[in-house]
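Input: a single structure, listed below in structure tokens.
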């Protein structure tokens with residue numbers, strides 16, 4: 001992949017090391033410059049109308065600066081085939097490295113949700129609500145871009161992606177909009193030496209239902225630690241659980 005001149009100049013002679021964490025169609029490479037860590041992220045142009053768009057994520061990062069601890073946006077560029085951005089590496093370690101300490105992981109996830117949902121919504125220009133995400137899913141389906149690996153068998157009565165799409169349309173819940181990370185998992189939240197939280201991978205950031213991020217945290221805790229700690233997370237939310245809302249957002253995420 002040929003890099004735009006501005007991107008190539010910034011990277012210089014640094015070695016690009018692939019980052020294989022995550023399942024998105026974006027490519028991510030880390031590199032060092034002047035003793036500091038940076039990341040180059042690119043997305044194919046066909047994903048420009050979607051939340052996989054690197055330029056969309058760059059705009060989200062710009063808007064969040066000063067509102068939430070997110071990577072510093074250094075440079076953006078695009079050509080006919082790809083979108084690119086360079087960000088500065090955030091400090092700390094991902095929550096995935098702390099999963100072996102269930103209570104610590106639980107408390108950090110609780111803090112993460114509080115930080116994200118405390119972002120003021122006034123003036124937020126990013127719509128990540130259900131209507132937008134369903135339109136995005138239609139685009140992915142029409143262009144053969146949905147996730148190859150998915151498991152519809154976990155929900156009875158779904159034999160195809162089209163079945164899932166129809167169910168999502170027929171069962172749209174009422175939304176209570178807050179700022180949402182959009183992919184709040186243990187690899188996208190970092191904790192530094194002062195116990196400050198930093199958030200990465202915000203391509204789906206924007207206004208969405210409050211239960212979207214809760215659903216993702218519950219799924220992460222359930223799969224990485226166990227159902228007991230995941231359900232404890234729900235009990236300590238301070239609001240009644242909405243299991244159907246959580247299931248809806250897990251289903252919505254399945255083809256992405």
Return yes or no: is residue 246 surrounded by fewer than 16 Cβ atoms within 10 Å (Cβ to Cβ) and either out of contact with any helix residue (DSSP H, G or I) (no Cβ under 8 Å at 6 or more places or on another chain) or outside any loop (DSSP other than H, G, I, E, B) (or both)?
no
Within the bounds of region 26-48, is there any residue that is assigned to a loop (DSSP other than H, G, I, E, B), touching a strand residue (DSSP E or B) at 6+ places or on another chain (Cβ under 6 Å), in contact (Cβ under 8 Å) with a residue 24 or more places away in the chain and farther than 25 Å from residue 197 by Cα?
no
Across (1) buried (at least 19 other Cβ atoms within 10 Å of the Cβ); (2) in contact with a helix residue (DSSP H, G or I) (Cβ under 6 Å, 6 or more places away or on another chain), residue 28 clears everything bar (2)
Looking at residue 58 and the list (1) in contact with a strand residue (DSSP E or B) (Cβ under 7 Å, 6 or more places away or on another chain); (2) over 30 Å from residue 172 (Cβ atoms); (3) without any contact (Cβ under 8 Å) to a residue 60 or more places away in the chain, which single condition is not satisfied?
(2)
Does any residue of region 67-74 turn out to be surrounded by fewer than 17 Cβ atoms within 10 Å (Cβ to Cβ) and closer than 25 Å to residue 133 by Cβ?
yes
Of all residues in region 139-164, which are closer than 19 Å to residue 26 by Cβ and surrounded by 10 or more Cβ atoms within 10 Å (Cβ to Cβ)?
139, 140, 143, 145, 146, 147, 150
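Computed from the coordinates by the stated procedures, all read-outs in this text should not be read as laboratory data. None of these values were measured; they are calculated from a predicted model. Backbone-built Cβ (ideal geometry, glycine too); neighbour counts: all protein chains shown.
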